[in-house]
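Since the structure comes first, as structure tokens, the remarks are kept for the end.
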Amino acid sequence: MNSIKHKFKAIDFFCGGGGMTHGLRQSGIDVIAGVDIDKDAQATYEYNNPGSVFIKTDIRSLRSNYFERKFNIVPNDDTLILVGCSPCQFYSIINTDKQSSLKTKDLLRNFARFVEYYKPGYVLVENVPGIITNKQSIWPYFKQRLFDLGYNNLLYKVIDMSYYGVPQTRKRFSLIATRLEGVNIQLPTPDERQALLSDFIGVSNGFPQITAGTKDTSDFNHTTAGLSDKCLRRLRKTTHNGGSRLCWANDPELQLKCFIGKDDSFKDSYGRMWWNRPAPTITTKFFSLSNGRFGHPDEDRAISLREGATLQTFPKEYVFKSNNIATTARLIGNAVPCEYARRLGKIIISNM
């Protein structure tokens, strides 16, 4: 293919704040549009991805021919990529309210409607591993739908993103499919070495030391949640570089009642990260010590918003257009890491 005449283009469904979109753009793919119902994501998506149009709507109410009418996207375009990274809370092993996430568990069914209408050259899906193990999953339907539509060239597996340039033990389901013949379909090749926390954050990587409760009003957003006096005392007693709540489990003033006699449960809560390991999975609650091992290895605070974004491999110049810590953390934690998306894009481009 001529790379100028046949440049790949993509539509990113469930795009959120733009992690997948930005990574694909970094690879050289033209992302025409992103679709998401989250109004809080629009300003961040559009600011950082100029030229990619944010379509704020519920995919279930979006007509199949919308992109044909709005962007002149034609069916059976070999250079079109449809991306469907639907919300994954229902299939997550993290303890979430499954009842509230029931309405989103089958959104891949609606994504399949667009795959059927446009018959793109490629389909990409990223999700939690539970999508292929949960007995209530939409996955068997979606996989069969792809086969029925001619996407017989299909590859998927659960990967550990720490071997793909993302400094987290973030295990994800990743799928790439094409209806094109003669294409050597593959997922990115893993690195020999894991990406480590020390490769990405810390003073040597441009992150000045700060204290809990710091409010950074610049675009860098090195902002941290505040801590109560008691939580600060707990963290000060937590050994640097990997210490856990067991460091203060025998202190009656600091121990939490919910943890008494439960040293083997929720062991990461209130813990510090290790410099020489990948971070844990960056969730939407990474700013909170009580929600996982999100303590800075040395400083007495949880990691900052910018540190969380960096561990999700957002560029440092990526600006999050929100003044709310929880909203910003949600955009960051829900994102597909940019670096993995970039590698996916490069795989597709290599098939030109």
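Please find the FRET efficiency linking residue 204 to residue 183, where r is the Cβ-Cβ separation and R0 is fixed at 41 Å, and quote it to the nearest 0.05. After rounding, the FRET efficiency stands at 0.45. Remark: accessible surface ordering of 151, 156, 270 (largest first) is 156, 270, 151, probe radius 1.4 Å. Between the helical axis of 139-148 and the longest alpha-carbon principal axis of the chain there is an angle of about 20 degrees. When the helices of the chain are scored as -39500 (n - 2.57) per DSSP H run of n ≥ 4 and the total is divided over every residue, the value at 222 nm lands at -6500 deg cm²/dmol.
Taking the DSSP beta bridges with both ends in the chain, the antiparallel portion is around 45 percent.
Please report the accessible area of residue 288 (heavy atoms, 1.4 Å probe, ligands and nucleic acids excluded) in Å², nearest 10. Approximately 20 Å² of residue 288 is accessible to the 1.4 Å probe. Peptides 303-315, 204-216, 42-54 ordered by packing proxy, namely the average of other Cβ atoms within 10 Å per residue, highest first: 303-315, 42-54, 204-216. Each of residue 154 and residue 253 was given a label point 7 Å from its Cα along the Cα-to-Cβ line. The distance between the two points is 6.0 nm. Solvent-accessible surface of region 14-90, taken per residue with a 1.4 Å probe and all protein chains present: 40 Å². Could you tell me which of the pairs 39/285; 135/267; 9/135; 321/346; 135/321; 56/143 are separated by over 30 angstrom between their Cα atoms in the structure shown? 9/135; 135/321, as the Cα separations exceed 30 Å there.
Give, as ranges by residue number, the residues of region 174-204 whose backbone N falls under 14 Å from the point 7 Å along Cα→Cβ of residue 240. Counting backbone N atoms under 14 Å from the label point, the list is 202-204. Mean silhouette area of the chain, derived from the convex hull of its C-alpha atoms and averaged over all directions, reads 18.1 nm². Solvent exposure of region 92-246, expressed per residue, is 49 Å² of accessible area, with all protein chains present and a 1.4 angstrom probe. In the P(r) worked out for region 199-327, what percent of Cα pairs fall beyond 22 Å? Percentage above 22 Å: 32.
Helix 338-349 axis versus longest C-alpha principal axis of the chain: approximately 20°, rounded to the nearest ten. Axis angle, to the nearest 10 degrees, between helix 107-118 and the longest C-alpha principal axis of the chain: 30 degrees. Dividing the mean sequence gap of close Cα pairs (under 8 Å, 6+ apart) by how many residues the chain holds gives a relative contact order of 18 percent. Expressed as a whole percent, the accessible surface of the chain that belongs to carbon and sulfur atoms is 48, based on a 1.4 Å probe. In this structure, the amide hydrogen of residue 34, modeled 1.01 Å from its nitrogen in the peptide plane, lies closer than 5 angstrom to those of 12, 53, 54, 55, counting only residues at least 5 positions away or on a different chain.
The values are calculated or read from the model by the stated rules, or taken from the named source; none is laboratory data. Just so it is clear, the structure is predicted and the values come from calculations on it, not from any experiment. Cβ: placed from backbone, ideal geometry, glycine included. Neighbour counts: every protein chain shown. SASA here: full protein model, heavy atoms, side chains in, ligands and nucleic acids out. Shrake-Rupley method; radii C 1.70, N 1.55, O 1.52, S 1.80 Å.
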